[in-house]
Structures are given as C-alpha cells and as structure tokens.
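Step one of this worksheet: look at the structure below.
The values are calculated or read from the model by the stated rules, or taken from the named source; none is laboratory data. For clarity, every value in this text was computed on a predicted model and none was experimentally measured. Cβ: placed from backbone, ideal geometry, glycine included. Neighbour counts: every protein chain shown. To get the accessible areas, we keep the full protein, side chains included, count just its heavy atoms, and leave off ligands, DNA and RNA. Shrake-Rupley method; radii C 1.70, N 1.55, O 1.52, S 1.80 Å.
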Amino acid sequence: MAAPDPALALRARRAYESGRLASAGARAALVAPLPALAFACGCQPRMTAVSGALFLGAVFYCFWRGGEFRRGAGPGVAAGMLPLLAPSLCMAACTHGCSPAMMSVMPLACGAGGLASGLLLAFLAPRPAIEGVRPFVVACAIAAIAGSVGCLAYGLPGLIIMIAALSIGALPVLAVKKA
C-alpha cells in the first residue's frame, strides 16, 4: 500500500476538524438562548453576560475537544439548567424587578437550584471510579458555570450558595454509589 498523498492527508484532516467545529457550534447554539433568560430580571447584567459567555465557551470547547470532555458536558448542561432557571424564573415571576422582597428569595432559589443540580449530577454524571475523574469534573464544572449565569443575578453570595448546595447534593450520593 502506497503512502498517502500529503495534500490528500491535509484535506482529510481539515475536513475532520471543520466537522468537529461545526458539530460543537451546533451544540453550543442549542443552549445559547438559555443565558438570555437570566437577563429577564435586569439585575447584574454585566456579570450575567460574562458568565453566559463563559458558559457557552465552555460548552463549545468541551464538545469540540471530544472524548472525556464531551462525556461530561452533556450531563453538566442538563444539571446546570436547574440553578440557571430557578433564580431567573423567580425574577421573571416578580413584577417589581429587583425589589428587596425579591432579592430575599434569591438565595433560596439559588440554593434549591444548586441542590437539585447536585442530585441530578450524582445520577447523570460519569462515575469517577469507572470512567476516570475528568468527565465527572467536567460535568460538575459545566453545571456550576451554567448555574452561575442565573445565580449571579443575586451577586457573589448567590454563586457561593449555589456551589455549596451543588456540592452538598452531589457528594453524598456519589459516596453511596462508590461504596
């Protein structure tokens, strides 16, 4: 069998990489409208925009990179929707915008969304003992970044509450599953 023509090999490699980029772009485009929901409240728009861009960039990167990153990205996006949507829906339901009464409910929404996300991650994310630790870490990171989009409407305390609740939800279930 003759060695492949270098030009043909280069064309094949470019086609492969452009296909991966297109696939990652299509998957990131599916979740692109979700960060826009966090803008419904109008609170902290700059932080919401930065975390939304970080979320979309992380999803794109994980699906482009493939392998272990791709295996963790899907469960991370699914679990991250809960803390992303919980505060956003609370703020959208309130007709007074960023009122003090609404802002007092935000920590509860961030905590509940984070806890539900952690429990969902414990069941959906790849098991560290079976598939290695990287897909699980990717799933947790994507879920936390997605949750930050919604919870940063409350500010840094909302993010801290969400991450703590996400950890509380995921770790005990994983410990039981591992045992």
Residues of region 62-74 satisfying the condition of being within 12 Å of the chain's Cα centre (by Cα) and of a type outside the set (A, V, I, L, M): CYS62, GLY72, GLY74
Does LEU34 satisfy being touching a helix residue (DSSP H, G or I) at 6+ places or on another chain (Cβ under 8 Å) and crowded, with 20+ Cβ neighbours inside 10 Å? yes
Just to be sure I understand the filter: pairs with C-beta atoms under 8 Å, separated by 6 or more residues or on different chains, first member in region 144-156 and assigned to a helix (DSSP H, G or I), second member aromatic (Phe, Trp, Tyr) and surrounded by 24 or more Cβ atoms within 10 Å (Cβ to Cβ). Which pairs pass? ILE145/PHE55; ALA146/PHE55; SER148/PHE55; VAL149/PHE55
Got at least one residue in region 70-91 being modelled with pLDDT under 90, surrounded by fewer than 18 Cβ atoms within 10 Å (Cβ to Cβ) and within 20 Å of GLY147 (Cβ to Cβ)? yes
Name the single residue that is farthest from the chain's Cα centre (by Cα) among those in region 37-61 being of a type in the set (Val, Ile, Thr) and open to solvent by less than 60 Å² (accessible area, probe 1.4 Å). THR48
Within region 107-125, residues open to solvent by 10 Å² or more (accessible area, probe 1.4 Å) and either free of Cβ contacts under 8 Å to residues at least 12 places away in the same chain or within 20 Å of ARG70 (Cβ to Cβ) (or both) come out as LEU108, LEU120, PHE123, LEU124
